[in-house]
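K.L.:
Sending over a structure as structure tokens; questions will come in a sec.
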Amino acid sequence: MWLQGVLVGLAIGAFVLIAIEDVIHLNKAKTTLLLGTFSWLLLFIFGPGALGVDDVGESLNENLLEIATLWLFLMAAMTFVAFLNAKGLIANLIYRLLPGRIGERGLLYLTGTFAFAFSSLADNITATLVSLTLVLSLGLPPKKTLRFAVLAVFAVNSGGVALITGDVTTLMIFLADKVRISELMLLAIPAFVSVMLLATLLLPGLGGEVHLSRERRPTRRLDRFVAWLFLATILSTLGLNVLFGIPPC
């Protein structure tokens, strides 16, 4: 049917526009909403006879509900992370955990571990930006910096696979009842092993020592309370779903 071909073409076009966002300088949210709206209009106007207007409207409402549920969860989590990052709590935590002097090989493993763990709690974009900021602050030669950056990006994407708080795709699969949180948690083990394996492959050529400067920012008691509230929110969301089946949204 020609309508199916057109709808598939619009979907492919939306993915292409998302991929070339940096080239055309057009926000992917705008292009996706435009083509998505156009797709629903075509379905309403030219939908098959067996699919009435009421059926299309019901499907649209279900689609909007899925989007709203996804947005509600991500907005809450990203607001927490953005607040903590702006207040400097994430940077303070990094400087508290890292020693003042460490070998490049040990630092590579620590970078991968941090990016993996942080991306399980934060969205991929924020985790990537924070991890790369950490890498650039090390002041390493370009070739070594590239190794750390590659590991950080890989670790961020690996960490997001294991928990719904870390990756939009993982959250969408969970909301579609394709997998349970307890099953996702088991993925953390092979995902982390893959990060450590890549770190090991990137070790050749590293052997120097890095001196880390500690630039801790002052924080208020309220900021620290928000950080603990964020952690409690994430843990309670995961725990209540595993124990009692309470949805995260």
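K.L.:
Taking the Cα centre of the chain as the origin and placing charges on Cβ (Lys, Arg +1; Asp, Glu -1), which of 32, 182, 160 is farthest toward the positive end of the dipole?
P.N.:
Farthest towards the positive pole: 160.
K.L.:
If I stretch the segment between residue 33 and residue 11 completely, what's the gain in nm (0.36 nm per residue apart, minus their alpha carbon distance), one decimal?
P.N.:
Gain on extension, residue 33 to residue 11, equals 6.8 nm.
K.L.:
Further, regarding this structure: Check each of the GluC sites (Glu not before Pro) in the stretch 173-222 and keep only those in coil by DSSP with at most 13 other C-beta atoms within 10 angstrom; list them in order.
P.N.:
When the GluC sites (Glu not before Pro) of the stretch 173-222 are filtered for loop state and at most 13 Cβ neighbours within 10 Å, 215 remain.
K.L.:
About the Cα centre of the stretch 1-127, what is the dipole size in debye to 20, counting +1 per Lys and Arg Cβ and -1 per Asp and Glu Cβ, all else neutral?
P.N.:
840 debye
K.L.:
Within the accessible area of the chain, what % is carbon and sulfur when the probe is 1.4 Å and the other protein chains stay in place?
P.N.:
70 percent
K.L.:
In addition: Nearest 10 degrees, 0 to 90: what angle lies between the long axis of helix 188-201 and the longest principal axis of the chain (Cα atoms)?
P.N.:
50 degrees
K.L.:
Could you give the size of the charge dipole of the chain about its Cα centre, using +1 on the Cβ of each K and R and -1 on the Cβ of each D and E, expressed in debye and rounded to the nearest 20?
P.N.:
The dipole magnitude comes to about 1460 debye.
K.L.:
What label, among [x] 71, 41, 33; [y] 72, 55, 46; [z] 59, 41, 29, belongs to Cα extents along the principal axes in Å computed from the structure on display?
P.N.:
Looking at Cα extents along the principal axes in Å for this model, the match is [x].
K.L.:
Could I ask something else about it? Send over a whole-number figure in Å² for the accessible area per residue of the stretch 71-209, probe 1.4 Å.
P.N.:
Value for the stretch 71-209: 49 Å² per residue.
K.L.:
Give the accessible surface of the stretch 1-42 per residue, rounded to a whole number of Å², with probe radius 1.4 Å and ligands, DNA and RNA excluded.
P.N.:
Value for the stretch 1-42: 72 Å² per residue.
K.L.:
Sticking with this one: Using +1 on the beta carbon of Lys and Arg, -1 on that of Asp and Glu, and nothing else charged, what's the dipole of the stretch 149-244 about the Cα centre, debye to 20?
P.N.:
Dipole magnitude for the stretch 149-244 comes out near 440 debye.
K.L.:
Any idea which of 92, 59, 43 is furthest toward the positive side of the dipole for the chain, if Lys and Arg beta-carbons carry +1 and Asp and Glu beta-carbons -1?
P.N.:
Positive-most Cα among the choices belongs to 92.
K.L.:
Shifting gears a bit: Suppose each label sits 7 Å from its Cα in the direction of the beta carbon; what would the residue 143-residue 175 distance come out to in nanometres?
P.N.:
Going by the 7 Å Cα→Cβ label model, 4.6 nm.
K.L.:
Let me ask another. Given Cα pairs under 8 Å that are at least 6 residues apart, what percent is the relative contact order of the chain?
P.N.:
23 percent
K.L.:
Between residue 231 and residue 85, what is the label-to-label distance in nm when each label sits 7 Å out along the Cα-to-Cβ direction?
P.N.:
2.0 nm
The values are calculated or read from the model by the stated rules, or taken from the named source; none is laboratory data. Everything quoted here is computed from the prediction, not taken from an experiment. Neighbour counts run over all protein chains shown; Cβ positions are idealised from the backbone, glycine included. Note: areas computed on protein heavy atoms with side chains; ligands, DNA, RNA excluded. Shrake-Rupley method; radii C 1.70, N 1.55, O 1.52, S 1.80 Å.
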